[in-house]
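A quick write-up on the structure given underneath.
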Amino acid sequence: MKKIALSLLAVTLLSLPVLTFAQIGGAPPTISYDLTTMGNRIANAAWIVFTIIAVIMFIIAGILFMTAQGNAEKVQQARSAFMWGVAGVVVGIIAFTIITLVRSIF
């Protein structure tokens, strides 16, 4: 339970710079309430969050590999974490490919 809380805290702290949309100087931003624009913004934000989570997953798998010290059970756990990370990346790429295809059609 402690690891989950620590992981959530790390993800939150790592995503804070991405989530801040501060503007330095210039004209105020124009806000569009168009459904297509909002969908695109949500998809782009989801892509950024997905990328951050994928990188963190591979870092965790690498740490598990390095700390396994030849223990077959720990190596298997690290391999499993890596494979689930790869599966997540594949699913994410397929999902965003579908979104891109739908955008190009409409």
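The values are calculated or read from the model by the stated rules, or taken from the named source; none is laboratory data. This one's a predicted model, so the numbers in the text were calculated from it and none came from an experiment. Heads up, the Cβs are rebuilt from the backbone with ideal geometry, glycines too, and the neighbour counts pull from every protein chain shown.
With respect to the stated conditions, Ser80 fails to be loosely packed, with under 10 Cβ neighbours inside 10 Å, part of a helix (DSSP H, G or I), of a type outside the set (Val, Ile, Thr) and more than 13 Å from the chain's Cα centre (by Cα).
The set of residues in segment 15-46 that are surrounded by 10 or more Cβ atoms within 10 Å (Cβ to Cβ), modelled with pLDDT of 70 or more and not polar (S, T, N, Q) comprises Met38, Gly39, Arg41, Ile42, Ala43, Ala45, Ala46. Restricting the first member to segment 76-93 and to residues that are of a type in the set (A, V, I, L, M), and the second to residues that are outside any helix (DSSP H, G or I) and surrounded by 15 or more Cβ atoms within 10 Å (Cβ to Cβ), the beta-carbon pairs closer than 7 Å and six or more apart or on different chains are Ala78/Ala68.
Yes or no, residue by residue, for (1) more than 21 Å from Asn40 (Cβ to Cβ); (2) surrounded by 12 or more Cβ atoms within 10 Å (Cβ to Cβ); (3) modelled with pLDDT of 90 or more:
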position	(1), (2), (3)
Ala72	yes, no, yes
Gly88	yes, yes, no
Ile94	no, no, yes
Thr100	no, no, no
Phe106	no, no, no
